[in-house]
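Enquirer: Supplied in structure tokens, the structure appears directly below.
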Amino acid sequence: MSTTSRDSLVLGRVVGDVVDQFSATAALRVSYNGRRVINGSDLRPSAVAARPRIEIGGTDFRQSYTLVMVDPDAPNPSNPTLREYLHWLVTDIPGTTDIEYDGFMLSSTVICAPSTLCREVICYESPRPPAGIHRVVFVLFQQMARGSVDQPPVLRHNFCTRNFAVDHGLGAPVAAAFFTCQPEGGTGGRRHDLRQPRRPPAS
């Protein structure tokens, strides 16, 4: 993970609200309709209605990953009583790139059937925040073994990424990304300033 990407996760309080500090060891790229998600970028509900395209950089087809997509600001950033809201959960993702499963890019030109290469444990529910500016976070974990994440959460709301990782022996995240989302016509709410603070001039 680049320093800029890591810092944006800290400034956006993804590190802290969703995950602890970690060192990225895998490449994660998220795109909606051909638009790559840059940490902190603003996407409205109409732009994220369909599953995103996910690219995971890896070299070992035997390695498996779990992807979690959550909203830590539900239902309202000023009072997130449903933190975290689980939008998507996919497990047993092969550790290669470019396999396609329903817009899920995992290597080469193979079509990945859910029952064979990927397991969509919780189906994709597009973000539709009722108020405020919400962070939508993707967290990637490396599994101990294929099939090791076998207990789906009972509810989408009040999901805890940290506890989920502990319960399934996933360890620290290997990659993460996030965007912000607000009601289609929204113009206000809490924003996260992802700019680096200016350093005072050297004396």
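Enquirer: Give the residue from 56, 76, 168 lying farthest towards the positive end of the charge dipole for the range 18-181; charges sit on Cβ (+1 for Lys and Arg, -1 for Asp and Glu) and the dipole is referred to the Cα centre.
Expert: Of the options given, the answer is 76.
Enquirer: Using r as the Cβ-Cβ distance of residue 21 and residue 144, and R0 as 25 Å, what FRET efficiency do you calculate, to the nearest 0.05?
Expert: 0.70
Enquirer: Continuing with this model, one more query. What accessible area per residue comes out for the range 18-181, rounded to a whole number of Å², with a 1.4 Å probe?
Expert: 43
Enquirer: Leaving out ligands, DNA and RNA, and with a 1.4 Å probe, what % of the accessible surface on the range 18-181 is carbon or sulfur?
Expert: 51
Enquirer: Continuing with this model, one more query. Taking the highest mean first, how do the peptides 176-186, 10-20 order by number of other beta carbon atoms within 10 angstrom per residue?
Expert: 176-186, 10-20
The values are calculated or read from the model by the stated rules, or taken from the named source; none is laboratory data. Source: prediction; values computed, not measured. In this analysis, Cβ positions are derived from the backbone assuming ideal geometry, glycine residues included, and neighbour counts consider all displayed protein chains. Ligands, DNA and RNA are excluded from the accessible area calculation, which covers all protein heavy atoms including side chains. Shrake-Rupley method; radii C 1.70, N 1.55, O 1.52, S 1.80 Å.
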